[in-house]
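Chemist: Would you mind keeping the following structure in view while I ask a few things?
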Amino acid sequence: MIDQSKVRNFCIVAHIDHGKSTLADRIIEKTGLLTEREMQNQVLDNMELERERGITIKAQTVRIVYKAQDGEEYIFNLIDTPGHVDFNYEVSRSLAACDGAILVVDAAQGIEAQTLANVYLALDHDLDVFPVINKIDLPSAEPAKVIEEIEDVIGIEAQDAPLISAKNGIGIEDVLEQIVKKIPAPKGNPDAPLKALIFDSVYDPYKGVIIFCRLMDGRVKKGTRIKMFATGTECEVVEVGYFGPGRFMPCDELTAGLVGYITASIKNVKDTQVGDTVTEADRPCDQALPGYKKVNSMVYCGVYPADAAKYPELRDALEKLQLNDASLNYEPETSIALGFGFRCGFLGLLHLDVIQERLEREYNLDLVTTAPGVVYKVHRTNGEVLELTNPSNLPDPSEIEYMEEPIVNAEIMVTSEYIGPIMQLCQERRGVYLSTEYIEANRAVLKYELPLNEIIYDFFDALKSRSKGYASFDYELKGYERSSLVKLDILINKEDVDALSFIVFEGSAYERGRKMCEKLKEEIPRHLFEIPIQAAVGGKVIARETVKAMRKDVLAKCYGGDISRKKKLLEKQKEGKKRMRQVGNVEIPQSAFMSVLKLDDK
Amino acid sequence: MKKAEESLRLYLHIPFCVRKCLYCDFLSAPATETVQRQYVDALIRELRAVKENAENDSREGKIPLSLRRISSIYIGGGTPSILPCGEIERIMETVYSVFAVEDTAEISMELNPGTISDKQLLQSYRRSGINRLSIGLQSTVDSELRALGRIHTWQDFCETYDAVRQSGFQNINVDLMAAIPGQDLASYLTSLHRVISLKPEHISAYSLIVEENTPFYEQRDMLVLPSEEEEREMYEQTKQVLSEAGYERYEISNYARKGYECRHNTGYWRRDSYLGFGIGAASLIDNTRFHNTEDLEKYLNSSSIMEIREDEQVLTGKDQMEEFMFLGLRMTEGISKKKFQDSFAVSIDEIYATQLDELEKEGLLYVEKDRIRLTKRGLDLSNVAMAEFLF
């Protein structure tokens, strides 16, 4: 049996781009399980998409062996965590399986918004956190200043923080030694009844659900009858093991303090809720682990196959994605303009983006998505409260007492010269100013309350462009507040196009309506007749544009009998038409449904 | 089995010009006289190869192409008139030695103002049997000609035109262009009326299209083009003014006095067989399309015609039907239902009833006894109509 005192379960937390994944790579490399040749650039970022975007989306985990300076061999379970605010939920899951965390801070950039958010999350989970200063070989590195910042702002000891360059392999030994010294060993009772936390699961077509878990107490091996605390599902373990780099490594037994996986021919992912406790069927533990709160989808949008015949494929793809990503939810919906599709819920915009790209890339689907919206609470005159995720379902105004929208607490970290422009941006987005706290002479944290629907479109982009990239941003849901909201409808050639409707703050309706009409005018090709495009609130038109009728469309001369070239032109025309959506007698290109997401001129 | 007497049309491509015009995306470029002569040599080799291949064709049971009578020849470019004196004659002599050219054959050549400094040239064209000249004018306003990157002035054109007439050519086309940068309706109408007053037999009137891979495309954001309304008005006026002057519109962009319609181009729209020579030249032989390499080096150095032919495509029945429709409808005479039936052994309604119905409802097309034609509106919107006939 493995000696718990030689086990370290930890994760790495950082602001995006501060070098978390690179450090993980170096740790794996230094511990010698992989040769350099076998190292793909970033071992933990498995998904193609993650690698491309340089972000970690899904928690990954790996077990490695480290021979420390004290001559002992230690087992490290490194649990990778996503860095982006959208994936706080995933971070929570990973943290619950750890005993400590490494905080990576960029020596040039210092503390950023997500550094704080992730550290506080780790401290909330009672993890021991030690800092590492990365990128010390950059010319702009100021490690001493960053160390001071960490002690002042976060309040953790940082004087002996390893000064490293993960990229160039400097100082990695120091990090490994500190993992041994500063991360506490787990203290479970191997003889107590099994008590294991499910922190993730994936579906494998051959093995069924693979449960990722952290054993707090007890032990589990092939043949153990286990039971899920929350769902009550019972089954017999087929295989246990740990996470080798990039693959599953079966072993005889998992014992208290270890991190590993269990398979038990479980066909349904719903039987193994992430956060649930696994125990023995015959000898259950008294009490489940606290688990963690389930997060709700914050952003919704309609997802439709570009080719209506691909609806079943889209359904299958969503089903499969959900197996690995419980935070994705979806239900069928029908749109007059777009046909059969799904209303999908996401943690945030990045999550939406990632899912959309995975559907397109991994499942080869062409998609049309509608403008993302948030969940509104509609208080009806009869006292009922409706949680509105699809603008089309908004009841008649006469049945609405009032509406509420989600508000977030936002922290924006920015250098002082950009405070002005950022405050102006927040004002434009209906922000309520709370405070400014300086963390050093020329850097401050701005605190605002912002309506979620004001930040889901292009807030990140606006923030970046107005601060020349120097602002970082984090937010958490504060709650719901009453607001004056209206549904903006778009009429094309007098027909209401349901897929283009959205809910908007009353005061912004005119502006948004005007921009929508302008944008659609650019997107909709000319037809043989004139097409009015109107924005309306409650049946009253507030903006209008017109797509003029097409009166001429001819091919020039047939040059030297080159007929194929002319045919290609006609084919292009026909192909373009095929990819359009018919609303009434107007063909709307699919890009029109998505282009309206980018209405900001700046 | 094709009958031996089925005629054939020839296209000869001369890919040289004095200077490339700013809107031109045709296969053409300036070249030295040496290269031009080498090219003519290669063109002659390619022509002769048809005769040499005749034996193979007969062995395979095919009617040799060289036995087909030639009903029209078109020498296009580029600027064919740029070739040194005698070169066109050399080419045409080879043509006559390889093919049986009908006495009444229409033999056209493109010519640009400012290239006929040697009066002997026009005589040599006449001797070669050329009986139709197509002159690239584009505009009669010098500032517009400069904007297009043309090498000539209106005055140059007039001199060329007079010389051509004096040499005895009785069938002349003039190319005119609308929507030129800096052009307005008044200046366009000036050009149109000046051209009419010269009484050419044929006028081609196109709108400038900014094509990719041209200098205009690179500068497209800076080009000051006539507004859409103006361009539209130019187009409308063209139809009206030319019709009043006795030119009948027989194709989307082509107008002619009665009997002077270009037979060669009409052949393309009727899907007659044609054989192209020179780089990039396209061919249609009994429902097989192919074209020559666009690589000048490769063309000059090739030892057999099979080496230079590319993208051979045997047209399926559906391909042929599509072409029948979108080419035939370019002509104001439209298409014949009976000819469709004879060509494909199926009635046009069986294949295209829905499309014909819909286009007729939209007022783009009308059916009159055996003929199907685009309406005036249909000709203006021909792309919309023609795209419907693709499968």
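The values are calculated or read from the model by the stated rules, or taken from the named source; none is laboratory data. Being a predicted model, the structure only gives us computed values, none of them experimental. Note that we place each Cβ from the backbone using ideal geometry, even for glycine, and neighbour counts take in every protein chain shown. Just so you know, the surface numbers come from the protein's heavy atoms only, side chains and all, with ligands and any DNA or RNA stripped out. Shrake-Rupley method; radii C 1.70, N 1.55, O 1.52, S 1.80 Å.
Chemist: Got a sec? Which of B:Glu60, B:Glu52, B:Glu46 is crowded, with 17+ Cβ neighbours inside 10 Å, of a type in the set (Asp, Glu) and out of contact with any His (no Cβ under 9 Å at 6 or more places or on another chain)?
Modeler: On the way: B:Glu60 fails: crowded, with 17+ Cβ neighbours inside 10 Å; B:Glu52 fails: crowded, with 17+ Cβ neighbours inside 10 Å.
When all the criteria are applied, what remains is B:Glu46.
Chemist: Another one. Tell me the residue from B:Tyr255, B:Tyr268, B:Tyr250 that is under 15 Å from B:Arg330 (Cβ atoms) and either within 12 Å of another protein chain (Cβ to nearest Cβ) or acidic (Asp, Glu) (or both), please. Break it down stepwise before answering.
Modeler: Numbers: B:Tyr255 fails: either within 12 Å of another protein chain (Cβ to nearest Cβ) or acidic (Asp, Glu) (or both); B:Tyr250 fails: either within 12 Å of another protein chain (Cβ to nearest Cβ) or acidic (Asp, Glu) (or both).
Of B:Tyr255, B:Tyr268, B:Tyr250, the one residue that is under 15 Å from B:Arg330 (Cβ atoms) and either within 12 Å of another protein chain (Cβ to nearest Cβ) or acidic (Asp, Glu) (or both) is B:Tyr268.
Chemist: In the stretch A:189-210, is there at least one residue being more than 32 Å from the chain's Cα centre (by Cα) and polar (S, T, N, Q)?
Modeler: Yes, the stretch A:189-210 has at least one match.
Chemist: Confirm whether A:Leu450 is open to solvent by less than 30 Å² (accessible area, probe 1.4 Å) and aliphatic (A, V, I, L, M).
Modeler: Working: open to solvent by less than 30 Å² (accessible area, probe 1.4 Å): yes; aliphatic (A, V, I, L, M): yes.
The answer is yes for A:Leu450.
Chemist: Among all residue pairs at least 6 apart or on different chains, which show Cβ distances below 8 Å where the first residue, located in the stretch B:371-391, is more than 7 Å from chain A (Cβ to nearest Cβ) and within 24 Å of B:Gln341 (Cα to Cα) and the second is open to solvent by less than 10 Å² (accessible area, probe 1.4 Å) and hydroxyl-bearing (Ser, Thr, Tyr)?
Modeler: Partner pairs satisfying both residue conditions: B:Leu374/B:Ser382; B:Phe389/B:Tyr352.
Chemist: Being open to solvent by 70 Å² or more (accessible area, probe 1.4 Å) and either more than 25 Å from the chain's Cα centre (by Cα) or modelled with pLDDT under 90 (or both) is the filter here; which residues of the stretch B:15-37 pass it?
Modeler: Answer for the stretch B:15-37, where residues must be open to solvent by 70 Å² or more (accessible area, probe 1.4 Å) and either more than 25 Å from the chain's Cα centre (by Cα) or modelled with pLDDT under 90 (or both): B:Thr32, B:Glu33, B:Thr34.
Here's the yes/no breakdown for (1) touching a Cys at 6+ places or on another chain (Cβ under 8 Å); (2) free of Cβ contacts under 8 Å to residues at least 40 places away in the same chain:
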{"site": "A:Val180", "(1), (2)": "no, no"}
{"site": "A:Asp191", "(1), (2)": "no, yes"}
{"site": "A:Leu194", "(1), (2)": "yes, no"}
{"site": "A:Leu197", "(1), (2)": "yes, no"}
{"site": "A:Lys207", "(1), (2)": "no, no"}
{"site": "A:Ile211", "(1), (2)": "no, no"}
{"site": "A:Lys221", "(1), (2)": "no, yes"}
{"site": "A:Ile226", "(1), (2)": "yes, no"}
{"site": "A:Thr231", "(1), (2)": "no, no"}
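Residue-wise test of (1) in contact with a helix residue (DSSP H, G or I) (Cβ under 8 Å, 6 or more places away or on another chain); (2) assigned to a helix (DSSP H, G or I).
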| site | (1), (2) |
| --- | --- |
| A:Pro421 | yes, yes |
| A:Leu425 | yes, yes |
| A:Leu434 | no, no |
| A:Gly469 | no, no |
| A:Tyr475 | yes, no |
| A:Gly479 | no, no |
| A:Leu491 | no, no |
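Chemist: With B:Ile82, B:Ile73 as the choices, which residue is in contact with a Cys (Cβ under 9 Å, 6 or more places away or on another chain) and at pLDDT 90 or above? Reasoning before the result, please.
Modeler: On the way: B:Ile73 fails: in contact with a Cys (Cβ under 9 Å, 6 or more places away or on another chain).
Criteria check complete, one pass: B:Ile82.
Chemist: Within the stretch A:567-578, can one find any residue that is touching a Phe, Trp or Tyr at 6+ places or on another chain (Cβ under 7 Å), in a helix (DSSP H, G or I) and either at pLDDT 85 or above or farther than 22 Å from A:Thr334 by Cβ (or both)?
Modeler: First, pick out the residues of the stretch A:567-578 that are touching a Phe, Trp or Tyr at 6+ places or on another chain (Cβ under 7 Å): A:570.
Those still in the list that are in a helix (DSSP H, G or I) too: A:570.
Subset that is either at pLDDT 85 or above or farther than 22 Å from A:Thr334 by Cβ (or both): A:570.
The answer is yes, given that some residue of the stretch A:567-578 is touching a Phe, Trp or Tyr at 6+ places or on another chain (Cβ under 7 Å), in a helix (DSSP H, G or I) and either at pLDDT 85 or above or farther than 22 Å from A:Thr334 by Cβ (or both).
Chemist: Residues that are more than 13 Å from every other protein chain (Cβ to nearest Cβ), at least 2 per element: which helices (runs of 4 or more DSSP H) completely within the stretch B:294-336 meet that?
Modeler: Details: elements: B:296-301, B:305-308, B:317-328.
Where helices (runs of 4 or more DSSP H) fall fully within the stretch B:294-336 and carry at least 2 residues being more than 13 Å from every other protein chain (Cβ to nearest Cβ), they are B:296-301, B:305-308.
Chemist: Within the stretch A:363-384, work out how many residues are without any contact (Cβ under 8 Å) to a residue 40 or more places away in the chain and surrounded by 13 or more Cβ atoms within 10 Å (Cβ to Cβ).
Modeler: Count: 3.
Chemist: For A:Pro290, state whether it is open to solvent by less than 70 Å² (accessible area, probe 1.4 Å) and either free of Cβ contacts under 8 Å to residues at least 24 places away in the same chain or more than 17 Å from the chain's Cα centre (by Cα) (or both). Break it down stepwise before answering.
Modeler: On the way: open to solvent by less than 70 Å² (accessible area, probe 1.4 Å): no; either free of Cβ contacts under 8 Å to residues at least 24 places away in the same chain or more than 17 Å from the chain's Cα centre (by Cα) (or both): yes.
No: the conditions fail for A:Pro290.
Residue-wise test of (1) farther than 30 Å from A:Asp498 by Cβ; (2) open to solvent by 20 Å² or more (accessible area, probe 1.4 Å); (3) outside any loop (DSSP other than H, G, I, E, B); (4) without any contact (Cβ under 8 Å) to a residue 40 or more places away in the chain.
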{"residue": "A:Met249", "(1), (2), (3), (4)": "yes, yes, yes, no"}
{"residue": "A:Cys285", "(1), (2), (3), (4)": "yes, no, no, no"}
{"residue": "A:Val303", "(1), (2), (3), (4)": "no, no, yes, no"}
{"residue": "A:Ala309", "(1), (2), (3), (4)": "no, yes, yes, yes"}
{"residue": "A:Leu318", "(1), (2), (3), (4)": "no, no, yes, no"}
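Chemist: Hey, another quick one. Taking the stretch B:146-189 on its own, how many of its residues are crowded, with 19+ Cβ neighbours inside 10 Å and part of a helix (DSSP H, G or I)? Please lay out each step first, then the result.
Modeler: Of the residues in the stretch B:146-189, the ones crowded, with 19+ Cβ neighbours inside 10 Å are B:147-148, B:150, B:152, B:156-157, B:160-161, B:164, B:169, B:171-181, B:183, B:188.
If we keep only those that are part of a helix (DSSP H, G or I) as well, we get B:147-148, B:156-157, B:160-161, B:164, B:188.
Result for the stretch B:146-189: 8.
Chemist: Name the residues in the stretch B:190-209 that are aliphatic (A, V, I, L, M), within 14 Å of chain A (Cβ to nearest Cβ) and open to solvent by less than 50 Å² (accessible area, probe 1.4 Å), would you? If you could, list the steps in order and put the result at the bottom.
Modeler: As a first pass, look at the stretch B:190-209 and keep what is aliphatic (A, V, I, L, M): B:192, B:195-196, B:198, B:203, B:205, B:208-209.
Then drop every residue that is not within 14 Å of chain A (Cβ to nearest Cβ), which leaves B:203, B:205, B:208-209.
Result: B:Ile203, B:Ala205, B:Leu208.
Chemist: Give the residue, chosen from B:Ser143, B:Ser124, that is touching a residue at least 12 places away in the same chain (Cβ under 8 Å), open to solvent by 40 Å² or more (accessible area, probe 1.4 Å) and not in a strand (DSSP E or B). Steps first, answer last, please.
Modeler: Numbers: B:Ser124 fails: open to solvent by 40 Å² or more (accessible area, probe 1.4 Å).
Residue meeting the stated conditions: B:Ser143.
Chemist: Just give me the residues in the stretch B:320-353 being under 20 Å from B:Ser283 (Cα atoms) and either surrounded by 19 or more Cβ atoms within 10 Å (Cβ to Cβ) or touching a residue at least 24 places away in the same chain (Cβ under 8 Å) (or both), in sequence order. I'd like the intermediate steps shown before the answer.
Modeler: Of all residues in the stretch B:320-353, those under 20 Å from B:Ser283 (Cα atoms) come to B:320-328, B:330, B:343.
Correct list: B:Gln320, B:Met321, B:Glu322, B:Glu323, B:Phe324, B:Met325, B:Phe326, B:Leu327, B:Gly328, B:Arg330.
Chemist: For A:Lys494, all conditions in the list (1) open to solvent by 60 Å² or more (accessible area, probe 1.4 Å); (2) closer than 17 Å to A:Cys301 by Cβ hold save one; what is the number of the exception?
Modeler: Among (1) open to solvent by 60 Å² or more (accessible area, probe 1.4 Å); (2) closer than 17 Å to A:Cys301 by Cβ, A:Lys494 violates only (2).
Chemist: If you don't mind, another one. Give all pairs with beta carbons closer than 7 Å in which a residue from the stretch B:223-243 that is away from chain A (no Cβ under 14 Å) meets a residue that is surrounded by fewer than 17 Cβ atoms within 10 Å (Cβ to Cβ) and of a type outside the set (Phe, Trp, Tyr); count only pairs at least 6 apart in sequence or on separate chains.
Modeler: Close Cβ pairs satisfying both conditions: B:Val224/B:Gly182.
Chemist: Ok, one more. Restricting attention to the stretch B:127-142, does a residue exist that is in contact with a Cys (Cβ under 6 Å, 6 or more places away or on another chain) and within 26 Å of B:Ile88 (Cβ to Cβ)? Spell out the reasoning first.
Modeler: Restricting attention to the stretch B:127-142, the residues satisfying the condition of being in contact with a Cys (Cβ under 6 Å, 6 or more places away or on another chain) are none.
No: the stretch B:127-142 contains no residue that is in contact with a Cys (Cβ under 6 Å, 6 or more places away or on another chain) and within 26 Å of B:Ile88 (Cβ to Cβ).
Chemist: Looking at (1) over 24 Å from B:Asp286 (Cα atoms); (2) open to solvent by 20 Å² or more (accessible area, probe 1.4 Å); (3) under 28 Å from the mean Cα position of the chain (by Cα); (4) within 14 Å of another protein chain (Cβ to nearest Cβ), which is the one condition that is false for B:Glu362?
Modeler: (3)
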